[in-house]
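The structure appears below as structure tokens.
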Amino acid sequence: MQAIILAAGTGSRLATELKGKPKCLAPLTNDISLIEYQIAVLNSVGITEICLVLGYRAHEIYRQMGDRCHCIMNRRYAETNSLYSLWLARNWVQDDCLIMNSDILAHPTLYKRLLKANGDALAYDSWSGDEAEHMKVMFRSGQLQEISKSMPAQDADGESVGLLKFSHASMTALFAEAETALQVGGENQWAPAAIARLAQRQTIVGVDIAGLPWIEIDFPEDLQQARHKVWPLLPIGKLPQLVTRQRQAS
């Protein structure tokens, strides 16, 4: 199993809070950043082949994480979006793959539930999905039918967490759909544009993680909630990399 982390964006809504740092380097504690936590969790569930798709201030991320991950540069990050970043990783994937956004802080159990699901799967929260900013999802008989921010809240079954799992064959199909979506709709689209197209051709099941601690960090208030409400609920002591990091920093 491999993993792709999409981390090319500028995180402009957090610019003041982070003083220009890339969003994935947002500090959760004095010594642990968001991306360090994500990689520690991936390693804890057996995923060590990790690809970071970088763009904004890529050198800062590479300086901290490059020796632990394969890095791909989206040099056009300012004029493209996550769909284009995902497509750039098409030649790297050689196995089943997990895809995730770099601004997600989530309990390790969420990852484990997704990995245990049969077939291709998308993690979502049925307790969320009522705000315009949410990437909303709709299912029929447990199968993904639609994923979109523009979906009316009353039609949504929840919010996508930004964490998905696909077989190697499905990744090949997803990259083909991404290429078509880029040609049809342009390069400034979210990665779910390709996922929505794939869902019309094959089954993507939903894994409801309602009740588990997680947050998407878009705004300063999200970062504060991540630090003060979500972080204390995470089993940091069971993540050896972070325990070692904390000891080194103390």
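The values are calculated or read from the model by the stated rules, or taken from the named source; none is laboratory data. No experiment lies behind these values; they were computed from the predicted model shown. Every residue, glycine among them, receives a Cβ derived from its backbone with ideal geometry; neighbour counts consider all protein chains shown.
Looking at Val93, Val137, Val161, can you tell me which residue is outside any strand (DSSP E or B), among the β-branched types (Val, Ile, Thr) and surrounded by 19 or more Cβ atoms within 10 Å (Cβ to Cβ)?
Unique residue meeting the criteria: Val93.
Would you call Ser150 of a type outside the set (A, V, I, L, M, F, W, C) and either touching a helix residue (DSSP H, G or I) at 6+ places or on another chain (Cβ under 7 Å) or not in a loop (DSSP other than H, G, I, E, B) (or both)?
No: the conditions fail for Ser150.
Pro220 passes all but one of (1) more than 16 Å from the chain's Cα centre (by Cα); (2) on the phi > 0 side of the Ramachandran plot; (3) surrounded by 13 or more Cβ atoms within 10 Å (Cβ to Cβ); which number fails?
Only one criterion is unmet by Pro220, namely (2).
Against the definition (touching a helix residue (DSSP H, G or I) at 6+ places or on another chain (Cβ under 7 Å), farther than 25 Å from Val205 by Cα and crowded, with 23+ Cβ neighbours inside 10 Å), how does Ile5 come out, yes or no?
Judged against the criteria, Ile5 is not a match.
In the range 56-90, how many are of a type outside the set (S, T, N, Q), in a loop (DSSP other than H, G, I, E, B) and closer than 24 Å to Leu122 by Cβ?
The total comes to 3.
Take the residues in the range 51-88 that are over 20 Å from Gly11 (Cβ atoms) and at pLDDT 95 or above, then tell me which one is surrounded by the fewest Cβ atoms within 10 Å (Cβ to Cβ).
Among those that are over 20 Å from Gly11 (Cβ atoms) and at pLDDT 95 or above, it is His70.
Taking the options Ala173, Ala193, name whichever one is part of a helix (DSSP H, G or I), crowded, with 21+ Cβ neighbours inside 10 Å and either at pLDDT below 95 or of a type in the set (A, V, I, L, M, F, W, C) (or both).
Only one candidate qualifies: Ala193.
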